[in-house]
Amino acid sequence: MQRTALTARRRARELDGLTSETVDLLVVGGGVTGTGVALDAAARGLTVALVEAHDLAWGTSRWSSKLAHGGLRYLATGDVGVARESARERHVLMTRTAPHLVRALPQVLTPGAGRRKGLTVGIGFGLGDLLRRDAGTSSLVLPGPRLARRDEAARLVPAVSREHLHGAWIAHDGQLVDDARLVVALARTAAGRGAKILTRVRATELRADGATLQDALTGATLTVRARAVVNATGVWAATVDPSVRLRPSRGTHVVVPAARLGEPAAALMVPVPGSGSRYVFALPVQLGRVIIGLTDEEAPGAVPDVPVPTRPEIDFLLETVSGVLDRPLLPDDVVGAFAGLRPLVDSAGSSDEASADVSRKHLVEVSPSTGAVNVLGGKLTTYRTMAEDAVDLAVKHAGLTAGPCWTADLPLVGAPSTSESSTSGSPLDARYGTEAAEVLDVAALPGSTAAVGQGIAGTEHLDITRAEIEWAVTHEGALDAEDVLDRRTRIGLVPADRAAVHDVVRELVEEALARL
């Protein structure tokens, strides 16, 4: 069994042993920030345990636009520091740590009417390209922006009315095959360096020297001792630390079949009327889908486990994109919708700003109430720098002995070596990188290469194999069918797809668990 393999058996063994040791660092939260912190600390030689109340990528980390964003939007709002950091971290992801999970995505921007708007767009893209150059990203990795020929743009985004393609631009950004897959890769890489990754374990009380935990599978309560604690629970941070002040913002996406938009080969960027910096994106993603997003709405009140899109947000997205299409999108075209809450830091003065204008800078500080290190705010692309800052502060605060951060040069599981190409272009390669062949080779259940929906009408677009369901259990820590459907494969983003294969996935998961 690989050292990076996460299984139910490993979870039980490591959870049992946690009560008899003191770890250097306890990380609470299993999203992209928490798993990034666990990897950073383990790579520095610290002993690490990560606990997550639900599953890996349960919260905000699975509800993003799946972009490794270079920060162009933040230039428009004057947040140059965040924009530059985003471009640099995109470079790290695409060239060193996760080139198998991130690809260059062409984007077609319809500038709207008027030469002035086209000129503004060109200047903006030019500044974004300066960020790319500053980060050291080759044009072979991310081509620079350019004006598009109308016939070329029409091939990339076939559903767009040709009148809206006059003066269109083509630019490139990074796109993750899936945000939850990045989180799983981080967790497994951390586990390979000795970190304990424990899902279904809730921290009910945080202290500077550890926490009280509850095992959701057995109901048992246990105490873990730690020399330092990091609260990386994102939008739930205030529920475990009353000193935290967040200003959650809801970002909603809708899902439509890619065929409805002519199987686009590029993302479509549509300016939001009345805004100089906001766009609605129609992004082609895996499994024959396009996701359209996103909104930026205040989300006060109690934090739900799973945020729910609102009808006005869905209508706004459809109407904005439909304004440039040959045939407008209708509510019946929507096959799924999802929303995520951004854990924006409620800093001085931000209460007077619209949530879209609140800075995406992250904040790392020692809590005055718990003594834990809180890591707050930020964005998915910059998770690594957030983790570095959090571990730096934890080491200093607790007087730990640790090496320097080197995660910028630490490939995640599945990443190719410099002598290998990142992928051969198959869906399996895009999801697993150099582990793709092993996913099939180690499968022990019958019919491993068959599609999970084989024989089920209406699932032909789901290119997920039965071997991938088994791999999720034997290597990626999935404990039930919901973990597989909703976070390891993303089948669940479309409720009809989820319902169609649920029973098959449940049977495969139960069989794989029984064989561990």
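The values are calculated or read from the model by the stated rules, or taken from the named source; none is laboratory data. None of these values were measured; they are calculated from a predicted model. Neighbour counts are summed over all protein chains in view; Cβ atoms, including those assigned to glycine, are modelled from backbone coordinates with ideal geometry.
Structure values in brief
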read-out	value
Residues of the range 375-416 satisfying the condition of being at pLDDT below 95, in a loop (DSSP other than H, G, I, E, B) and at positive phi	Gly378
Neighbours by Cβ (under 8 Å, 6+ apart or cross-chain): first from the range 321-339, on the phi < 0 side of the Ramachandran plot and in contact (Cβ under 8 Å) with a residue 12 or more places away in the chain; second surrounded by fewer than 16 Cβ atoms within 10 Å (Cβ to Cβ) and aliphatic (A, V, I, L, M)	Val335/Ala496; Ala339/Val308
Qualifying residue in the range 132-146 (condition: of a type in the set (A, V, I, L, M) and more than 30 Å from Leu261 (Cα to Cα))	yes
Selected residue (only one of Gly81, Gly70, Gly59 is modelled with pLDDT of 95 or more and not charged (D, E, K, R))	Gly59
Qualifying residue in the range 417-427 (condition: modelled with pLDDT of 95 or more and either surrounded by 18 or more Cβ atoms within 10 Å (Cβ to Cβ) or more than 30 Å from His502 (Cα to Cα) (or both))	no
Test: residue in the range 432-439 that is among the charged types (D, E, K, R), more than 21 Å from Pro411 (Cβ to Cβ) and outside any loop (DSSP other than H, G, I, E, B)	no
Sole exception among (1) assigned to a strand (DSSP E or B); (2) over 22 Å from the mean Cα position of the chain (by Cα) for Ser243, by number	(1)
Any hit, the range 493-515, residues being modelled with pLDDT of 95 or more and within 21 Å of Val32 (Cβ to Cβ)	yes
Set Ala237, Ala228, Ala339: member being in contact with a Gly (Cβ under 7 Å, 6 or more places away or on another chain), farther than 27 Å from Phe125 by Cβ and either of a type in the set (Ser, Thr, Tyr) or buried (at least 20 other Cβ atoms within 10 Å of the Cβ) (or both)	Ala339
Strands (runs of 3 or more DSSP E) contained in the range 161-219 and holding at least 2 residues small (Gly, Ala, Ser) and surrounded by 23 or more Cβ atoms within 10 Å (Cβ to Cβ)	169-176
Residue among Asp497, Asp463 that is closer than 21 Å to Ser426 by Cβ, touching a strand residue (DSSP E or B) at 6+ places or on another chain (Cβ under 7 Å) and not assigned by TED's automatic domain parsing to the domain that holds Val335	Asp463
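This table checks each residue for (1) within 15 Å of Trp63 (Cα to Cα); (2) touching a His at 6+ places or on another chain (Cβ under 9 Å).
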| position | (1), (2) |
| --- | --- |
| Val255 | yes, no |
| Ala258 | no, yes |
| Glu263 | no, no |
| Pro273 | no, no |
| Asp296 | yes, no |
| Pro300 | no, no |
| Pro307 | yes, no |
